[in-house]
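The values are calculated or read from the model by the stated rules, or taken from the named source; none is laboratory data. Nothing here was measured: the structure is a model prediction, and the numbers come from that model. Here the Cβ positions follow ideal geometry from the backbone for every residue, glycine too, while neighbour counts run over all protein chains shown. Side chains are part of the model used for accessible areas, which takes the heavy atoms of the whole protein and leaves out ligands, DNA and RNA. Shrake-Rupley method; radii C 1.70, N 1.55, O 1.52, S 1.80 Å.
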Amino acid sequence: MNEIKACLFDLDGVIVDTAKYHYLAWKRLANELGFEFTEEDNERLKGVSRMKSLEILLELGEISADDSAMEAYAAKKNAWYVEYISKMDSSEILPGVLDFLRELKDNGIKISLGSVSKNAMTILNNVGIVEYFDAVIDGTKITHAKPNPEVFLKGAEELGVDPKECVVFEDAQAGIEAAINAGMYSVGIGSADILQKANTVIPGFEGMTLDKLKL
Ligand code: BG6
Ligand code: MG
């Protein structure tokens with residue numbers, strides 16, 4: 001790949017394990033509506049916007065809803081989710097993340113958040129890592145969710161770095177596709193079976209170094 005000038009991080013499931021809280025909140029809604037929602041079903045929701053996630057969920061439950069019912073369901077899920085994340089602190093930063101962020105900073109590599117979540121700033125504040133980010137692009141700043149590349153292209157633009165010199169870290173299939181659509185190198189976080197389109201896949205940041213990225 002090209003010289004690395006910036007690293008763009010998804011939030012949920014990459015920096016913190018909030019993917020589990022999204023899953024719990026969606027599962028709670030599904031159960032209340034009378035159907036099951038598995039972790040496998042949940043893979044389709046990762047990286048997807050709140051309303052699009054709800055559409056997928058209702059489709060799985062074969063439930064139809066008008067706009068106002070949709071708004072009410074989304075608000076309910078978000079209220080549960082906000083309750084879960086309000087209890088978060090720095091102990092929920094995933095292993096190895098802070099060391100890797102520090103190494104990037106020490107080497108002059110710019111860092112951006114690239115998340116479609118509207119709750120991203122709350123989480124960054126709760127876990128205390130806002131100061132690592134040179135740019136924060138979240139769901140309040142974009143109009144198109146992943147796999148649209150907007151969230152990553154805006155990050156690169158705000159950092160003043162060419163997309164070809166950016167590396168994206170993502171746990172979602174939709175996020176890897178967004179990175180590809182942005183013309184960026186992608187590192188999948190999780191399982192290679194699920195993140196087949198990523199340039200490379202690592203299980204997490206434990207033991208991750210800049211050198212390993214340059215190989
Ligand atoms: C993404 C998550 O980061 O944010 C999705 O992977 C979630 O699961 C999306 O639906 C939107 O989040 P929020 O917090 O705005 O509902
Ligand atoms: Mg994610």
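Yes/no matrix, rows are residues, columns are (1) under 30 Å from Leu159 (Cβ atoms); (2) more than 9 Å from ligand 1 (Cβ to nearest atom); (3) outside any loop (DSSP other than H, G, I, E, B):
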| residue | (1), (2), (3) |
| --- | --- |
| Leu24 | no, yes, yes |
| Leu29 | no, yes, yes |
| Asn42 | no, no, yes |
| Gly47 | yes, no, no |
| Lys52 | yes, no, yes |
| Leu57 | no, yes, yes |
| Ser68 | no, yes, yes |
| Tyr73 | no, yes, yes |
| Tyr81 | yes, no, yes |
Can you tell me how many residues in the range 97-115 are open to solvent by less than 30 Å² (accessible area, probe 1.4 Å) and in contact with a Gly (Cβ under 9 Å, 6 or more places away or on another chain)? 5
The residue that is nearest to Phe133 (Cα to Cα), considering only those in the range 9-22 that are open to solvent by 30 Å² or more (accessible area, probe 1.4 Å) and more than 9 Å from ligand 1 (Cβ to nearest atom), is Asp17
Every residue in the range 1-22 that is in a helix (DSSP H, G or I), touching a residue at least 12 places away in the same chain (Cβ under 8 Å) and either of a type in the set (Lys, Arg) or within 11 Å of ligand 2 (Cβ to nearest atom) (or both), please. Ala19, His22
Of all the residues that make up the range 4-39, how many are more than 17 Å from the chain's Cα centre (by Cα) and of a type outside the set (Gly, Ala, Ser)? 12
Could you tell me whether Glu3 is surrounded by 14 or more Cβ atoms within 10 Å (Cβ to Cβ), more than 9 Å from ligand 1 (Cβ to nearest atom) and closer than 20 Å to Val201 by Cα? no
Any chance you could count how many residues in the range 123-160 are part of a loop (DSSP other than H, G, I, E, B) and open to solvent by less than 20 Å² (accessible area, probe 1.4 Å)? 4
Of the conditions (1) surrounded by fewer than 19 Cβ atoms within 10 Å (Cβ to Cβ); (2) more than 16 Å from ligand 2 (Cβ to nearest atom), Pro203 fails just one. Which one is it? (2)
